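The values are calculated or read from the model by the stated rules, or taken from the named source; none is laboratory data. From a predicted model like this one, the values you see are computed outputs, not experimental measurements. Glycine also receives a Cβ, built like all others from the backbone with ideal geometry; neighbour counts cover every protein chain displayed. Just the protein is used for accessible areas: all its heavy atoms, side chains included, with ligands, DNA and RNA removed. Shrake-Rupley method; radii C 1.70, N 1.55, O 1.52, S 1.80 Å.
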Amino acid sequence: MAMRDWISGLFDRSFDPATARRLPQLDATSQSNVRGLYMVGEIAGTPLIKLGLNAGVDLADHLAAELKEAKRDPSVDKATADGSEDSVLDVLIVGAGSSGLGAADRCQQLGLSYVVIEQQRAAQLIRNFTKGKPLFAEPQAVELKSRLWFEECSKEQLLCKWEEQIRELGLRINEFEQVTDIRRRSDTDSFEVVTDKGKYVARRVMLAIGMAGNPRKLRVEGETEFAERISQNVADPDEWHDRDLVVFGAGDVACEAAVVLADRGNRVALAAPEIGRAHV
């Protein structure tokens, strides 16, 4: 079963990651309908950076208490998926966005064994933001629980600070590694997580992935044939000059992209079904 189809099973039956944005079925502790597998962050409906960091911290605290109380199966510790004698991980975290990083740091503070698997680079979603994009520490009334720094700043300032902290704190993050399968090990309370580089065994799994990895498609003629001419983000608008461009969408991200592209001498049309077509 493809990883995308497996994740779809954690949502409403009509959920399609490529076309929908439905929330998964979670209990009050963020546990999915698969016992021992938790979801946090954007995929669970928490897109803001500060709230994502806090959600990761809170879930790590919950898992530490849960694992302390849970009866540990001695047979699970005797062999990992590759047959070694190493102990299994307490927590395997999929995704190194704000929630995954917040959870990783908290796991490290609490002495839980963990690893973060990230298919691209840590904080990839933030890296994809437009160059110079301001980030606001919202909600202002909510206190930041994580040791990871976050204040109102630019995209570049946050990435610089987080990269420095990841090194200083020694967070265990495996970048450019993609999870391909997650399955419960027979007769145990642990999971085997398969990636394109190896296998892991963990007592608990935390999905802290974003939604940007499965961008929605227009499903129109030419979308597949001319895929190289379509971009899902405008990380650096300075790469675009004197071009005829269409930005499809009517949200804040689309409007922001249209404005910065127009400011650089491009001829930009902003289009979306709900607004028709408007030139910028």
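The slack between A227 and D244, meaning 0.36 nm per residue of separation minus the straight C-alpha distance, is 4.5 nm.
Here r is the Cβ-Cβ distance between E138 and A235 and R0 is 22 Å; the resulting FRET efficiency, rounded to 0.05, is 0.50.
With a 1.4 Å probe rolled over the protein heavy atoms of all chains, the accessible area of H62, H241 falls in the order H241, H62, largest first. When the P(r) of segment 98-247 is calculated, the portion above 21 Å amounts to 59% of the C-alpha pairs.
The length gained by stretching the chain between K199 and Q109 to full extension, at 0.36 nm per residue less their Cα-Cα distance, is 29.9 nm.
The Kirkwood radius of segment 169-257, taken over pairs of alpha-carbon atoms, gives through the Stokes-Einstein law at 25 °C and 0.890 mPa s a diffusion coefficient of 141 µm² s⁻¹. Computed log10 I(q)/I(0) for segment 96-175 at 0.13, 0.20, 0.22, 0.24 Å⁻¹: -0.40, -0.93, -1.10, -1.26, from the Debye equation with unit scatterers placed on every C-alpha and solvent omitted.
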